[in-house]
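Student: One structure coming up, written as structure tokens, with questions to follow.
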Amino acid sequence: MAFDGDYALISKIAGAGAFFCFVAMIGVSLSRSLEALDSEEPKPTNIKQPDASPSTLPLYFKDSLGLFEYACRYMSFELKEGACILGIVLDARNFGVETPVAINSDKTQRAVISVASDDGGFLSIALTAGSTGPLLKPGQLVSWRAGRKLDAKLDPSDERTGWVGLIGATLKTEIIDGEIPVDALFA
């Protein structure tokens, strides 16, 4: 992909519109570069609990933020292509975009998310894996499948913010047998 040219254009744009332009270009790059990701059901796993076993009691959370914070503290993550990691949808209006989540012309959705990590999470732009599925809203848990790392970053001080990926599913606010159950798939 010729994303470097897109990045050069972004760097010439000044003001609040720069982030929106960046989000739009990331969306175009995402749709081009992530077509090869397979469609197996995404499930974040890898709970770091000493006695995690099938007999472990289920964990139910009051809200999605509680589960996200728990995951950042007690789940392990390896950021690499194809990895499924828990994410939480953020309100893109906080980044200068007009709507909380953008709906593209092909009915897929583009969202700003925080991807869970042991330091509390990092920002990423993500497209839904398909046009059918629930309408995303801020605070919703999602399964994010890492696509690839681009040269452009949402936060220049954090290399991880160059990663883009696909949202394969929304998730429930519970952990059953060491896994976070899928609420709804995108296809």
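Student: Using only alpha carbons, build the gyration tensor for region 50-121 and give me the equivalent ellipsoid semi-axes, biggest first, whole Å. If you can, show how the numbers build up before the last one.
Tutor: On the way: eigenvalues 163, 41, 32 Å².
In descending order, the three semi-axes are 29, 14, 13 Å.
Student: Largest first, what is the accessible-area ranking of Val182, Val164 with a 1.4 Å probe?
Tutor: Val182, Val164
Student: While we're here: List the GluC sites (Glu not before Pro) within region 49-158 that fall in a DSSP loop (any state other than H, G, I, E or B) and whose Cβ has at most 12 other Cβ atoms within 10 Å.
Tutor: Listed in order of number, the matching sites are Glu78, Glu98.
Student: Could you do me a favour and compute the accessible area per residue for region 86-128, 1.4 Å probe, result in Å²?
Tutor: On the way: 1720 Å² over 43 residues.
Per residue, region 86-128 has an accessible area of 40 Å².
Student: Another question, then. Over all directions, what mean area does the Cα convex hull of region 118-187 project, stated in square nanometres? Walk me through the numbers before you get to the answer.
Tutor: Details: hull surface 22.1 nm².
Over all viewing directions, region 118-187 projects a mean Cα-hull area of 5.5 nm².
Student: Per residue, how large is the accessible surface of region 140-187? Use a 1.4 angstrom probe and give square angstrom.
Tutor: So region 140-187 comes to 37 Å² accessible per residue, rounded to a whole number.
The values are calculated or read from the model by the stated rules, or taken from the named source; none is laboratory data. Remember, predicted model here, so these are calculated numbers, not experimental data. Note: ideal-geometry Cβ built from the backbone for every residue, glycine included; neighbour counts use all protein chains shown. Accessible surface areas use protein heavy atoms only, side chains included; no ligands, DNA or RNA. Shrake-Rupley method; radii C 1.70, N 1.55, O 1.52, S 1.80 Å.
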